[in-house]
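See structure below.
Computed from the coordinates by the stated procedures, all read-outs in this text should not be read as laboratory data. What you see is a predicted model; the values in this text were computed from it and never measured. Here the Cβ positions follow ideal geometry from the backbone for every residue, glycine too, while neighbour counts run over all protein chains shown.
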Amino acid sequence: DWTMAEFRAAKVAEIRTQVGSGRVICGLSGGVDSAVAAVLIHEAIGEQLTCVFVDHGLMRTGEAEQVVSLFRNSYNIPLVHVNAEDTFLAGLAGETDPEKKRKFIGGAFIDLFEEEARKVGGADFLAQGTLYPDVIESVSFTGGPSVTIKSHHNVGGLPERMNMQLVEPLRELFKDEVRALGMELGLPQAFVGRHPFPGPGLAIRIPGEVTKERCDILRKADAIYLEEIRAAGLYDTIWQAFAVLLPVRSVGVMGDGRTYDNVLALRAVTSTDGMTAEAFQFPGDFLPRVATRIVNEVKGINRVTYDYTSKPPGTIEWE
Ligand code: XMP
């Protein structure tokens, strides 16, 4: 059995051998995986690494700032921060098809990333925080014919066109192992322990058309939900918890007036690798409390539901 310290040392050596004196560019998504990959590669080759964070504006409250400060201040790793919210929102306007949304985001992400790569003088290698489950799920769904369930935006498509070799030091790892490696590398526990967040961000948690206004509504509701989960001491026992803003309006009553507003779904699952999942069972008074807070505090939402579907047959994200 390998310890994480041995894995770290072996990977550092492997990365040095693979890269030689070449230049590596790494796309940060804001999540744990790409951050751990970047810190590991930085340990191996230092200044030969450039990190690019294409910020699509589909992050949760405060998320982009946390990544930027972690890299620039705590690790002193040079980071190019591209604020591309307008580009992504413009491209998503009018689009309601889940796969088209994913494909657009993936494509725009690559275009912006390539542009930044050119600006820093290009690179010979492209680093990605691909994990073992990402590799499997993008290829096929076990037990049946090869069907793409969802186009994961951090896997595939990139290398051939960009003419760079891939550096994917986490390719054999599951999520819990990536977290252990992150701790081994000295990343803060609060960062390493964060729930997974999908590359396409809030766009796939807003079925139907994505607008700035809907992103803002979702961000507020999601923040309340997660604040309550943390306050209840449940964050670390849940694999992933998030809110989904549905393209459905319902009638409600507030004070002495009628409301006709958006419906929000809450989701929380337990899982070990994201490939199968069970709905999390909250203690009895938790969900009613969160529902009341969200309806009272978030303008635009007048009804809250909870998603009990396991995976399979559901998926974790709604799109
Ligand atoms: P699903 O919804 O397929 O999600 O059950 C399984 C896990 O993968 C995350 N996910 C993604 N992660 N890029 C990512 O980096 C993506 O495009 C993507 N889509 C889903 C999801 O949040 C869950 O943890």
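How many angstrom lie between the Cα centre of segment 100-126 and the Cα centre of segment 261-296?
About 34 Å separates the Cα centre of segment 100-126 from the one of segment 261-296.
Among Val248, Tyr308, Gly22, whose Cα lies farthest out toward the positive end of the dipole of the chain, if unit charges sit on the beta carbon of Lys, Arg (+1) and Asp, Glu (-1)?
The one lying farthest along the dipole's positive direction is Val248.
Let me spell out the model: positive unit charges on the Cβ of Lys and Arg, negative unit charges on the Cβ of Asp and Glu, origin at the Cα centre of the chain. What dipole size does that give, in debye rounded to 20?
Rounded to the nearest 20 debye, it is 540 debye.
Using the crude model of +1 on Lys and Arg Cβ and -1 on Asp and Glu Cβ, and no other charge, please compute the dipole size for segment 4-192 relative to its Cα centre, in debye to 20.
It comes to approximately 80 debye.
For Ile224, what charge total do you get from the other residues with a beta carbon under 9 Å from its beta carbon, if Lys and Arg give +1 and Asp and Glu give -1?
-2
P(r) of segment 211-306 in 10 Å steps, Cα pairs, percent per bin?
Taking every Cα pair in segment 211-306, the percentages come to 15, 47, 29, 7, 1.
Of the cross-linked pairs Lys103/Lys175; Lys103/Lys311; Lys100/Lys311; Lys100/Lys212; Lys175/Lys212; Lys11/Lys101, which ones have a Cα-Cα span greater than 27 Å in the structure shown? Before the final figure, lay out each step's value.
Details: Lys103/Lys175 24 Å; Lys103/Lys311 23 Å; Lys100/Lys311 23 Å; Lys100/Lys212 18 Å; Lys175/Lys212 31 Å; Lys11/Lys101 35 Å.
Violating the 27 Å Cα-Cα cut-off are Lys175/Lys212; Lys11/Lys101.
Order by neighbour count: His195, His152, His56, fewest other Cβ atoms within 10 Å first, most last.
Going from sparsest to densest Cβ surroundings: His195, His152, His56.
Within a Cβ distance under 11 Å of Gly186, other residues only, what is the Lys/Arg minus Asp/Glu net charge? Display every interim value, and only then the final one.
Values: positive: Arg8; negative: Glu43, Glu184.
In short, -1.
Pull up all non-local amide H partners of Trp239: gap of 5 or more, or a different chain, and H-to-H distance under 5 Å with H placed in the peptide plane.
Residues meeting the criterion, in which the H sits 1.01 Å from N, are Val269, Thr270, Ser271.
Given the options Gly199, Gly122, Gly257, state which has the largest fluctuation in a GNM of the chain using a 10 Å cut-off (strictly under) for Cα springs.
The residue with the greatest mean-square fluctuation here is Gly257.
Considering only the other residues whose Cβ falls under 14 Å of the Cβ of Leu92, what net charge follows from Lys and Arg at +1 and Asp and Glu at -1?
Result for the local shell: -1.
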